[in-house]
């Protein structure tokens, strides 16, 4: 499970908004050292994920939709649209390369358990603890 630069920037963008104040994109980029060209794309995904809200107009910007203690790392990562798999064999419908019978692949079972633990931990890690 590799966290992408986009996911890293998404977490940083949300962290810049964790004080619940509206911010311009330039403020977000400057405070979190995120490239501007990437930030618009990321904020659009976060908006679709219900994490931020865009405020249109000259005095517009972005604001966090939920309190930081209600925004988990998992929420942010899922908003980016990434699949977050430890291994390709965990994709639904992918046949295990090591066995004819997927139900008895001990490696797959172990990876599923580890992935479940990681996703659980990401779901418990909220933005209020990361500011």
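Brief remarks follow.
- In segment 30-59, the residues that are under 18 Å from the mean Cα position of the chain (by Cα), under 17 Å from residue 131 (Cβ atoms) and surrounded by 14 or more Cβ atoms within 10 Å (Cβ to Cβ): 32, 34, 46, 51, 52
- Check on residue 11, closer than 30 Å to residue 114 by Cβ, at pLDDT 95 or above and either outside any helix (DSSP H, G or I) or within 10 Å of the chain's Cα centre (by Cα) (or both): yes
- Any chance residue 27 is surrounded by 15 or more Cβ atoms within 10 Å (Cβ to Cβ), under 14 Å from the mean Cα position of the chain (by Cα), over 30 Å from residue 114 (Cβ atoms) and modelled with pLDDT of 95 or more: no
- Considering residues of segment 14-49 that are out of contact with any helix residue (DSSP H, G or I) (no Cβ under 8 Å at 6 or more places or on another chain) and not in a helix (DSSP H, G or I) only, the residue farthest from residue 74 (Cα to Cα): 24
- Residues of segment 51-86 that turn out to be assigned to a loop (DSSP other than H, G, I, E, B) and closer than 18 Å to residue 23 by Cβ, as a count: 10
- Look at segment 117-131: where a residue is at pLDDT below 90 and a partner is outside any helix (DSSP H, G or I), sitting 6+ places away or on another chain with Cβ atoms under 7 Å, you get 118/1; 131/18.
The values are calculated or read from the model by the stated rules, or taken from the named source; none is laboratory data. The shown structure was predicted, so the numbers you read here are calculated from the model rather than taken from an experiment. When we count neighbours, we look across all protein chains shown, and the Cβ atoms used for this are built from the backbone with ideal geometry, even at glycine.
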